[in-house]
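Computed from the coordinates by the stated procedures, all read-outs in this text should not be read as laboratory data. None of the values given here were measured: they were computed from a predicted structure. All Cβ positions, even for glycine, are placed from backbone atoms using ideal geometry, and neighbour counts span all protein chains on display.
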Amino acid sequence: MKRSVNIIGALVFLLAGNLVFAQKEVKVETRESDKSLLVKTDHKGLDEEAKKKAAAEEKAKLPKPYYAKANAEKDIQALIEKAKKENKNIMIQAGGNWCIWCLRFNQYVQTTPELKKLVDENYLYYHLNWSPENKNEKVFAQYGNPGENFGYPVFIVLDKNGKQIHTQDSAVLEEGKGYSLKKVTDFFNSWKPKS
């Protein structure tokens with residue numbers, strides 16, 4: 001029994017030292033029935049910082065498809081003319097280079113062969129920027145300001161004549177820290193031009 005008390009005392013001493021070093025909240029409990037030592041650590045702050053750091057590192061590695069200085073109105077008009085000739089719909093992915101989910105979606109489509117093929121065969125794709133530098137308010141207003149309702153990315157589908165035929169919330173396409181292949185494929189298949 002004395003040896004158990006000495007071991008517990010040593011553990012408490014070590015834990016106390018770690019408490020001062022880590023400066024995190026630690027709760028020490030002993031159970032009377034089995035004399036085991038339970039340590040509960042509050043890692044919430046550490047976890048959040050680690051998540052932010054990981055997201056920043058991920059974002060830094062991903063391609064940045066949004067161009068804040070683009071003339072979106074002019075670009076979309078040019079896409080409509082091209083879509084008429086190629087018999088394709090227009091997929092507008094609204095968001096910005098600040099948005100990790102926007103960058104993840106772009107990367108997912110570009111690096112998933114079946115999605116890239118589906119998009120290339122059926123759509124002209126455009127990244128409509130929304131950022132503090134350029135909110136493209138006139139263009140977004142034309143499509144009902146979907147970012148205000150759904151957040152980003154949000155998808156605006158136009159037919160070959162430039163008529164808005166669908167707005168898609170991206171949250172329903174998510175799965176874990178990415179996107180569902182089945183949900184994204186179904187979404188692209190649902191709004192491709194009718195033959």
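The phi-based Karplus calculation (6.51 cos²θ - 1.76 cosθ + 1.60; θ = phi - 60°) puts the 3J(HN,Hα) values of the range 170-177 at 6, 4, 6, 9, 6, 8, x, 9 Hz, whole numbers, x for Gly and Pro. With a ≥ b ≥ c the root eigenvalues of the C-alpha gyration tensor of the range 81-195, is it rounded (a/c under 1.5), prolate (a/b larger than b/c) or oblate? Oblate. The overall shape of the range 133-195, judged from the alpha-carbon gyration tensor, is oblate: a/c is not under 1.5, and a/b is no greater than b/c. Summing charges over all other residues whose Cβ lies under 14 Å from the Cβ of Ala55, with Lys and Arg as +1 and Asp and Glu as -1, gives +2. Spread over its residues, the convex hull of the C-alpha atoms of the range 60-149 is 101 Å³ per residue. Charged neighbours of Ala78, selected by a Cβ distance under 15 Å, balance to +2 (K, R count +1; D, E count -1). Qualifying GluC sites (Glu not before Pro) in the range 132-195, where qualification requires a DSSP coil assignment and no more than 13 other C-beta atoms within 10 Å, comprise Glu133. Each of Trp98, Trp130 has some number of other Cβ atoms within 10 Å of its Cβ, and from fewest to most they run Trp98, Trp130.
For the range 86-137, the fraction of C-alpha pairs more than 14 angstrom apart is 56%.
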